[in-house]
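S.K.: Submitted below is the structure of interest, expressed as structure tokens.
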Amino acid sequence: GAVVSQHPSRVICKSGTSVKIECRSLDFQATTMFWYRQFPKQSLMLMATSNEGSKATYEQGVEKDKFLINHASLTLSTLTVTSAHPEDSSFYICSARDLGRSNQPQHFGDGTRLSIL
Amino acid sequence: GQNIDQPTEMTATEGAIVQINCTYQTSGFNGLFWYQQHAGEAPTFLSYNVLDGLEEKGRFSSFLSRSKGYSYLLLKELQMKDSASYLCFYNQGGKLIFGQGTELSVKP
């Protein structure tokens with residue numbers, strides 16, 4: 001079964017709306033979670049590393065004021081796309097590390113398809 | 001530095017065998033992942049190689065050579081549903097370093 005839950009799976013909203021995406025680790029604690037975006041026919045692009053109890057680390061070129069990340073607990077990280085515009089339409093995926101599983105330490109959420117009209 | 005390469009596209013015939021190669025360069029290495037991703041869906045786990053050698057899981061096998069910085073994913077008895085993108089990546093200090101993904105098309 002899923003060990004990382006991502007919600008919502010799909011969002012369609014008007015330009016200017018802020019959208020919050022949640023990523024939860026279900027049966028393990030994740031001090032670190034990762035947020036990616038993916039454009040069609042391209043690989044995952046790391047946006048930021050979410051650290052529990054501290055500020056997220058953003059990759060070069062990713063606007064931290066645009067993509068707000070909060071990691072308030074060991075099992076939940078949220079990504080908020082503020083004042084979303086059509087160019088923010090993409091597939092957003094989170095992942096989390098389970099240090100207790102040596103055979104599959106990395107788990108992905110099911111992804112969120114964001115469409116801004 | 002960090003670098004990981006895999007072919008962008010491959011085409012194979014249903015029932016055949018296909019090998020997808022992945023080469024990497026890294027100063028630190030904690031194992032290599034292979035994931036399958038169908039269009040519009042999240043990646044799903046295929047394999048995680050930490051030690052050298054071949055690991056077989058049904059129709060899928062993955063090989064790793066740490067000294068050569070080389071891995072491959074072998075898919076046997078290809079099925080149409082195997083048409084997908086295949087991602088190889090490794091964990092570098094907690095950050096995942098991805099290849100560009102190999103888009104595999106399986107033809108009848």
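S.K.: Excluding same-chain residues fewer than 8 positions from B:Lys81, which lysines have a Cα within less than 29 Å of its Cα?
M.R.: Partners found: A:Lys41, B:Lys57, B:Lys107.
S.K.: Let me ask another. I'm checking a number: the convex hull volume of the Cα atoms of the protein assembly as shown, normalised per residue, in Å³. What is it?
M.R.: Convex hull of Cα atoms, per residue: 123 Å³.
S.K.: Oh, and also: If you count the DSSP beta bridges with both ends in chain A, what percent of them are antiparallel, to the nearest 5?
M.R.: Of all bridge pairs located within chain A, approximately 90 percent are antiparallel.
S.K.: Any chance you could check the Cα centroid distance between segment A:1-46 and segment B:32-108 for me, in angstrom?
M.R.: 22
S.K.: A:Val11: net charge of surrounding residues, Cβ under 10 Å, Lys/Arg +1, Asp/Glu -1, itself excluded?
M.R.: Result for the neighbourhood of A:Val11: +3.
S.K.: Tell me the net charge near B:Gly28. Cut-off is 13 Å between Cβ atoms, B:Gly28 excluded, with +1 for each Lys or Arg and -1 for each Asp or Glu.
M.R.: Around B:Gly28, the surrounding residues sum to +2.
S.K.: A further question on this structure: Per-residue HN-Hα couplings for segment A:22-39, Karplus 6.51 cos²θ - 1.76 cosθ + 1.60 at θ = phi - 60°, whole Hz, x for Gly and Pro?
M.R.: Per-residue couplings from phi come out as 9, 10, 10, 8, 8, 10, 8, 8, 10, 6, 10, 10, 10, 10, 10, 10, 9, 8 Hz.
S.K.: Output the relative contact order of chain A, whole-number percent, from Cα pairs under 8 angstrom with separation of 6+ residues.
M.R.: The normalised contact order for chain A reaches 36 percent.
S.K.: Shielding by partners for A:46-55, please: the mean number of other protein chain Cβ atoms within 10 Å of each residue's Cβ.
M.R.: 1
S.K.: Tell me the net charge near A:Leu46. Cut-off is 15 Å between Cβ atoms, A:Leu46 excluded, with +1 for each Lys or Arg and -1 for each Asp or Glu.
M.R.: +2
S.K.: What average number of partner chain Cβ atoms lie no more than 10 Å from the Cβ of the residues making up B:96-104?
M.R.: The shielding value for this peptide is 3.
Every number in this text was worked out from the coordinates using simple rules, so none of it is lab data. None of these values were measured; they are calculated from a predicted model. Positions of Cβ are generated from backbone atoms using ideal geometry, with glycine treated the same way; all protein chains shown enter the neighbour counts.
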